[in-house]
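For reference, the structure discussed in these notes is given below.
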Amino acid sequence: MDFEYTPKVKAMQARLLAFMDEHIYPNEARYQQEIDANRAKGNAWLASQVIEELKPKARAAGLWNLFLPRSPRAPEGLTNLEFAPLCEVMGRVPWAPEVFNCSAPDTGNMETLERYASDALKDQWLEPLLKGEIRSAFLMTEPEVASSDATNIQCSIRRDDNHYVINGRKCWSSGAGDPRCAIYIVMGKTDPEAPHHSQQSMILVPAKTPGVKVLRHLTVFGYDDAPHGHMEILLENVRVPVSNLLLGEGRGFEIAQGRLGPGRIHHCMRSIGAAERALELMCTRLNSRVAFGRELSRQTVWQERIAESRCMIEQARLLTLKAAYMMDTVGNKVAKAEIAMIKIVAPNLACQILDWAIQAHGGGGISQDFPLAFSYAHQRTLRFADGPDEVHRNSLAKLELARHTTMPREVEVPVTRGS
């Protein structure tokens, strides 16, 4: 495996780094001020003007829809291995991926539509998503059941002539707070009596369909994540055409496995970027602060943490690149162990490095004066998103044990909500 970036990717990486320096980092304070101002006026759920202003610039720079490989509708899309170093750079600022139309949950939803939707549905929903005109949400997790096991999902999708009628309650529907969120991908049960993994289906529900009610937003360690938001949503006798069903009845688990592989690796790429920035801020802070007669950077405890951080980042990056390479060459199913490994490793290492960076900044580290506290809250959340650590470890252990038995058995990839 050769993970040397191609000249094309190196050129794009340089262009992206320059874009971040010119447009993203200088606008971090403005972005937060904009959200705070909207919140003070009583409505934090307004589209970010900063992001909307930067989108045309990103598109003009050729940094648009880079996440979607092998799609005639997005010819600029890269392979997973090509996208990895670019996604990492975007992950250095939590809101930056949206500027490049490469943010969750839209990336996973667009990939789902590309792979499993009819041409008519692609024309209706995928095209405006690829243009960055609308946003989307993925409705899978439910408050009444342990959704780390997707077979627990109780949302009902019942056929009634030429429509499906949907009833259920969903939570952690990330992105549903955005006023531009126009379409939901909903997972529910079409046949509770079918075999265990053939009960679930996925269907498209326009956000403004009668019977859809956003009940409340869920905070993340006190952050409302506006204008993106994580919402609890009630679906009450929601009727959508039969043609809105993806792939067919009973194919929901199959779709979820296909959707969450790329989504997981994108999260991990961004986590490495967040860790890199945390290490950068930590080193800058340690070099600039003096305590007990010498710079903090000269104290052994901090040198050990810096060295450990660099080792952790490099290990995680190599593992992520290996997973991306395998997804491109042998497919998501064969790469399921590597995908599970990176999903365990990347958010955990990001949390650890961010924790050290916060400690290095003292009281400032937990304040709004630095991006560390918000980044930590986001990374800690990723230890749940797309499958909690425990589920991935369990699946990985089963795969490892199966290698040492005479009759290896198939292990399902865990399917949980997307972020």
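The values are calculated or read from the model by the stated rules, or taken from the named source; none is laboratory data. None of these values were measured; they are calculated from a predicted model. Ideal geometry is used to build each Cβ from the backbone, glycine not excepted, and the neighbour counts take in all protein chains shown.
Do any residues in the stretch 377-402 that are at positive phi have Cβ atoms under 6 Å from those of residues that are part of a helix (DSSP H, G or I) and surrounded by 18 or more Cβ atoms within 10 Å (Cβ to Cβ), where the two are at least six apart or on different chains, and which pairs are they?
What qualifies is 386/260; 386/263; 386/264.
Could you tell me whether the stretch 21-30 includes any residue that is hydrophobic (A, V, I, L, M, F, W, C), under 22 Å from residue 346 (Cα atoms), touching a helix residue (DSSP H, G or I) at 6+ places or on another chain (Cβ under 7 Å) and not assigned by TED's automatic domain parsing to the domain that holds residue 187?
no
Are any residues in the stretch 284-326 part of a helix (DSSP H, G or I), closer than 19 Å to residue 365 by Cβ and among the basic types (Lys, Arg), and if so, which ones?
Passing the criteria: 285, 305.
Of (1) touching a helix residue (DSSP H, G or I) at 6+ places or on another chain (Cβ under 7 Å); (2) under 24 Å from residue 375 (Cα atoms); (3) not in a loop (DSSP other than H, G, I, E, B), residue 148 satisfies all except one. Which?
Of everything listed in (1) touching a helix residue (DSSP H, G or I) at 6+ places or on another chain (Cβ under 7 Å); (2) under 24 Å from residue 375 (Cα atoms); (3) not in a loop (DSSP other than H, G, I, E, B), residue 148 misses just condition (3).
Which ones in the stretch 227-247 are at positive phi and surrounded by fewer than 17 Cβ atoms within 10 Å (Cβ to Cβ)?
Correct list: 237 only.
Restricting to the stretch 375-394, what's the tally of residues that are assigned to a helix (DSSP H, G or I) and either aliphatic (A, V, I, L, M) or crowded, with 17+ Cβ neighbours inside 10 Å (or both)?
The number of residues fulfilling the criteria is 9.
Working carefully through the options 42, 91, 77, find the one that is without any contact (Cβ under 8 Å) to a residue 40 or more places away in the chain, among the small types (Gly, Ala, Ser), crowded, with 16+ Cβ neighbours inside 10 Å and out of contact with any His (no Cβ under 8 Å at 6 or more places or on another chain).
Working: 42 fails: crowded, with 16+ Cβ neighbours inside 10 Å; 91 fails: without any contact (Cβ under 8 Å) to a residue 40 or more places away in the chain.
When all the criteria are applied, what remains is 77.
Considering each of 285, 216, 264 in turn, give the residue that is in the same structural domain as residue 368 (by TED's automatic domain parsing), modelled with pLDDT of 95 or more and of a type in the set (Lys, Arg).
285
Among the residues of the stretch 290-313, is any within 22 Å of the chain's Cα centre (by Cα) and of a type outside the set (A, V, I, L, M, F, W, C)?
Checked the stretch 290-313: no residue is within 22 Å of the chain's Cα centre (by Cα) and of a type outside the set (A, V, I, L, M, F, W, C).
Just checking, how many residues over the stretch 148-178 are buried (at least 22 other Cβ atoms within 10 Å of the Cβ) and either within 22 Å of the chain's Cα centre (by Cα) or among the aromatic types (Phe, Trp, Tyr) (or both)?
Total satisfying the criteria: 11.
Scan the stretch 256-305 residue by residue and report those that are among the small types (Gly, Ala, Ser) and surrounded by 13 or more Cβ atoms within 10 Å (Cβ to Cβ).
Of everything in the stretch 256-305, those that are among the small types (Gly, Ala, Ser) and surrounded by 13 or more Cβ atoms within 10 Å (Cβ to Cβ) turn out to be 256, 258, 261, 263, 271, 273, 274, 275, 278, 297.
Does residue 317 qualify as being in the same structural domain as residue 382 (by TED's automatic domain parsing) and modelled with pLDDT under 95?
So residue 317 fails the test.
Anything in the stretch 291-330 that is of a type in the set (S, T, N, Q) and touching a residue at least 40 places away in the same chain (Cβ under 8 Å)? List them, or say none. Break it down stepwise before answering.
Initial filter on the stretch 291-330 (of a type in the set (S, T, N, Q)): 297, 299-300, 303, 309, 315, 320, 329.
Selection gives 309, 320.
For every residue, the table says whether it meets (1) small (Gly, Ala, Ser); (2) under 21 Å from residue 188 (Cβ atoms).
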{"residue": "131", "(1), (2)": "no, no"}
{"residue": "134", "(1), (2)": "no, no"}
{"residue": "166", "(1), (2)": "no, yes"}
{"residue": "176", "(1), (2)": "yes, yes"}
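Restricting to the stretch 95-132, name every residue that is under 20 Å from residue 18 (Cα atoms) and either modelled with pLDDT under 95 or outside any loop (DSSP other than H, G, I, E, B) (or both).
Going residue by residue through the stretch 95-132, those that are under 20 Å from residue 18 (Cα atoms) are 95-103.
Across the stretch 95-132, the qualifying residues are 96, 97, 98, 99.
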